[in-house]
Structure formats: C-alpha cells, structure tokens
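The values are calculated or read from the model by the stated rules, or taken from the named source; none is laboratory data. What you see is a predicted model, and the numbers here were worked out from it, not measured in a lab. Neighbour counts run over all protein chains shown; Cβ positions are idealised from the backbone, glycine included. Heads up: the accessible areas ignore ligands, DNA and RNA and are worked out on the full protein's heavy atoms, side chains in. Shrake-Rupley method; radii C 1.70, N 1.55, O 1.52, S 1.80 Å.
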Amino acid sequence: MSQHQAFALALEQAIDLTSQLETLLLEETAAVDGRDPEHLNALVENKQQVLEQIEQATATLQRSVEEAGQAFTPDGLEVFLRASDGTTEERDHASARWKRLRELAASCEIMNRANAEAVERSRLRVTTALKIIRGEDDNGNTYSAQGYSQSSTVLGRTLTQA
C-alpha cells in the first residue's frame, strides 16, 4: 500500500472519529447543564477513548506524509497531496477531505473549550455556595498585617450553627 493510500484510509478514519468526537462534545454540552453526573462521566470516558483513536489515526497520517519525504506541516501536506499518483479529481478530493478534518478539529476544539469553561463556572458556583454555607468570606481582596492575601475568613457562625 502506498503512502497516499494509507493516508487516504487514515484520513477517512480520522474524519469519522472526529465526527464522533463532535457528537460526544454536543452531548457533553447538554450534560454539563444537566444534573446527571454519571452520564457526564460516561461521556468523558467515551470522549477519551475516541481521542486515543484519533491520535492513532493522526500518527498514521503523519507517518504517511513523512515516509513520502514531506514534513507534517500545512506546506508539507500540500506538497504531499499534489504529489499523489491519482487523478486531479482524486487529489482535489483528498485536499477537500483534509480541509474537512481540519474544520471538524477546529469545531471540536471550540466546543471542548466552551465545555471546560462551563464546568469551571459550575465549580466556582459550588465553591462559593460552600463558603456561604460555612460562613466563610469569599472576598480574596483582604490582606494580613504582613501584606499576605487572606481568604476564607470566617464571618461568624456557619449556616449549620445558626
């Protein structure tokens, strides 16, 4: 099997896997807003498995390009795709599929970042709620006589003591 054939197979696999990742990230977005931690945990585990498979497909893509004497960079890939023995139509198809993979990967990156930010906001809300329940000051802008930041200063009795 030539480098271009191996590349084409790995490219289709990577596109399929990245589409699966995109679907999982959409489900994760809904689960982050929901109240089902078990479902969210299962999605995260599935996402990790798909990511590992994507890494393997990407390694095959990289190996194919590098075995053909090109760097695994945008310029190297462009040269690699143009050097294919296939027809102009086949080269154009491979370029379009590569572009599709990059678009999917960019979409997944944006969704993953948004999900991570949503999780962090939720974590901060829980932390603030716990500080309120404990009667702790959530203002990190107070300082000791030595100039060190003091947080979690007890305001009085905790909610359970009140």
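Can you give me the number of residues within the range 84-101 that are surrounded by 14 or more Cβ atoms within 10 Å (Cβ to Cβ) and at pLDDT 95 or above?
Within the range 84-101, residues that are surrounded by 14 or more Cβ atoms within 10 Å (Cβ to Cβ) and at pLDDT 95 or above number 4.
Name the residue that is nearest to the chain's Cα centre (by Cα), counting only residues in the range 9-59 that are open to solvent by 50 Å² or more (accessible area, probe 1.4 Å) and among the hydrophobic types (A, V, I, L, M, F, W, C).
L51
Return yes or no: is A105 part of a helix (DSSP H, G or I), open to solvent by less than 60 Å² (accessible area, probe 1.4 Å), at pLDDT 95 or above and farther than 25 Å from E117 by Cβ? Steps first, answer last, please.
Details: part of a helix (DSSP H, G or I): yes; open to solvent by less than 60 Å² (accessible area, probe 1.4 Å): yes; at pLDDT 95 or above: yes; farther than 25 Å from E117 by Cβ: no.
Judged against the criteria, A105 is not a match.
For the range 60-74: of the residues being under 30 Å from L25 (Cα atoms) and not aliphatic (A, V, I, L, M), which is most open to solvent (accessible area, probe 1.4 Å)? Steps first, please.
So the first thing to find is which residues in the range 60-74 are under 30 Å from L25 (Cα atoms), and the list is 60-65, 72-74.
Then keep just the ones that are not aliphatic (A, V, I, L, M); that gives 60, 62-64, 72-74.
Details: T60: 40, Q62: 71, R63: 119, S64: 7, F72: 61, T73: 60, P74: 88 Å².
Applying the filter and picking the extreme gives R63.
Could you grab me the full set of residues in the range 62-88 that are without any contact (Cβ under 8 Å) to a residue 12 or more places away in the chain and either in contact with a His (Cβ under 8 Å, 6 or more places away or on another chain) or of a type in the set (G, A, S) (or both)?
Matches in the range 62-88: G69, A71, G76.
Tell me whether the range 9-23 contains one or more residues that are out of contact with any Leu (no Cβ under 8 Å at 6 or more places or on another chain), β-branched (V, I, T) and under 17 Å from E109 (Cβ atoms).
Taking the range 9-23 as the starting set, the residues that turn out to be out of contact with any Leu (no Cβ under 8 Å at 6 or more places or on another chain) are 9, 12-13, 16-17, 20, 23.
From what is left, the residues that are β-branched (V, I, T) are 23.
Next, only the ones that are under 17 Å from E109 (Cβ atoms) stay: 23.
Yes - at least one qualifying residue is present in the range 9-23.
Restricting to helices (runs of 4 or more DSSP H) lying wholly in the range 1-83: which have 3 or more residues that are touching a strand residue (DSSP E or B) at 6+ places or on another chain (Cβ under 9 Å) and at pLDDT below 95? Full working, then the answer.
Numbers: elements: 3-33, 37-67, 74-82.
Answer list for the range 1-83: none.
Restricting to the range 2-59, give me the number of residues that are more than 24 Å from E90 (Cα to Cα) and in contact (Cβ under 8 Å) with a residue 12 or more places away in the chain.
Matching residues across the range 2-59 total 20.
Would the range 112-130 turn up any residue that is open to solvent by less than 60 Å² (accessible area, probe 1.4 Å), outside any helix (DSSP H, G or I) and over 25 Å from L17 (Cα atoms)?
no
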